[in-house]
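The values are calculated or read from the model by the stated rules, or taken from the named source; none is laboratory data. As the structure is a computational prediction, the values presented were derived from the model and not from experiment. Heads up, the Cβs are rebuilt from the backbone with ideal geometry, glycines too, and the neighbour counts pull from every protein chain shown. Ligands, DNA and RNA are stripped out before the accessible areas are found, and what is left, the full protein with its side chains, is counted by its heavy atoms. Shrake-Rupley method; radii C 1.70, N 1.55, O 1.52, S 1.80 Å.
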Amino acid sequence: MQYLLLFILVSIGSVSYYNGSILGVKSGVFSLVCMILMAYGIYVFTEWLTQGHDLVTGIYMMLSPAAGLIMTIMMKSAKAA
């Protein structure tokens, strides 16, 4: 589980860095904060929903960097148009 959490933190950091390099530093910091809050919310909800099953919770926490990357791609395409 520790390696899964480390992977999620690295993913969140890399997506926010990519967002910051494309859209600016403020956007990168905002993306980092939002993804951390989203990951925490997903953690609390799935811990409650699965009654403490850590592996399922960790897998669902991967939705946070995925949603951040999708948001970055959408903003990048809107900025290019």
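Tabulated results
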| quantity | calculated |
| --- | --- |
| Solvent-accessible area per residue for the chain (1.4 angstrom probe, square angstrom) | 69 |
| Average Cα contact separation per residue, the chain, under 8 Å, 6 or more apart, as relative contact order % | 34 |
| FRET efficiency, 1/(1 + (r/R0)^6) with R0 25 Å, evaluated for ILE70 and MET1 via beta carbons | 0.50 |
| Most mobile listed residue (MET35, MET62, MET71) in the chain, GNM with C-alpha springs under 10 Å | MET71 |
| The chain, accessible surface, carbon-and-sulfur percent (1.4 angstrom probe) | 76 |
| Spacing of the two label points (7 Å from each Cα toward its C-beta) at PHE45 and ILE59, in nm | 1.8 |
